[in-house]
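The values are calculated or read from the model by the stated rules, or taken from the named source; none is laboratory data. Since the structure is predicted, the reported quantities are computational estimates derived from the model, not experimental observations. Every residue, glycine as well, gets a Cβ built from its backbone with ideal geometry; the counts of neighbours run over all protein chains shown.
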Amino acid sequence: MKKPVLMIAVGVVLAAGLAWYLARPGSGAAVDLLDEFPRALEKRPAPETFSMGDVTIAGVTKRALMPDGPSRAAWSVTVPDRAELQFSLGMMEKGWNAAGGDGVLFRVTINSDELLSLVVNPAANPSDKAWRDMTLDLSEYAGKQVTIYFATNSSMPQRPPVDNRDGDFPAWGAPRIVVR
């Protein structure tokens, strides 16, 4: 066998081995949604609404997606077997004591199924002055192409709609799909 052919064969074997290693149970992240954010299906109301970076809440730092106001981001993914969606919710410390802070409603939806709807309001609930780690079982979606939506509302839904952003600095910490 000639040297270039041998090198290609070795590369294919190594790639296959890596794919097997990453797909085995307990292997870790299958999809890092922050890495995939440039390819997200939706970034509403506009891509400029979102920033990414490290966020420290109560001494714990996580890489995070930070929407500036009401938002919705969506990713199209094929859900692997034995998968779960892991992420953290938090409000950045700079808003904890802001006058008028009324909390943020965080929602996670897959296709049209709402999996999470949770208000985080550090001004009213001292226990919200920390990251809230979440794990959602995705087993019913295994092998399917789905759309995962992460949405925030800067104020609680009400009629007429209110957009009170005072003290509301939401962060989605380390969102990823993990294979158990």
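Just a few scattered comments:
- The residues in the stretch 17-38 that are at pLDDT below 95 and touching a strand residue (DSSP E or B) at 6+ places or on another chain (Cβ under 9 Å) can be counted, and the count is 10.
- Pro45 being surrounded by fewer than 17 Cβ atoms within 10 Å (Cβ to Cβ), at pLDDT below 95 and within 26 Å of Glu93 (Cβ to Cβ): yes
- Annotation: of all residues in the stretch 65-94 being touching an Asp or Glu at 6+ places or on another chain (Cβ under 7 Å) and of a type in the set (A, V, I, L, M), the one that is farthest from Leu136 (Cα to Cα) is Met91.
- Qualifying residues in the stretch 123-180 (those that are among the hydroxyl-bearing types (Ser, Thr, Tyr) and part of a helix (DSSP H, G or I)) - the one modelled with the lowest pLDDT: Ser127
- Scanning the stretch 106-124 for any residue that is in contact (Cβ under 8 Å) with a residue 60 or more places away in the chain and either under 20 Å from Phe37 (Cβ atoms) or not acidic (Asp, Glu) (or both) turns up at least one such residue.
- The stretch 64-84, residues that are more than 16 Å from Ala40 (Cβ to Cβ) and out of contact with any helix residue (DSSP H, G or I) (no Cβ under 6 Å at 6 or more places or on another chain): Gly69, Pro70, Pro80, Asp81, Arg82, Ala83, Glu84
- Residue ID - surrounded by the most Cβ atoms within 10 Å (Cβ to Cβ), chosen from residues in the stretch 102-122 that are at pLDDT 95 or above and touching an Asp or Glu at 6+ places or on another chain (Cβ under 8 Å): Val108
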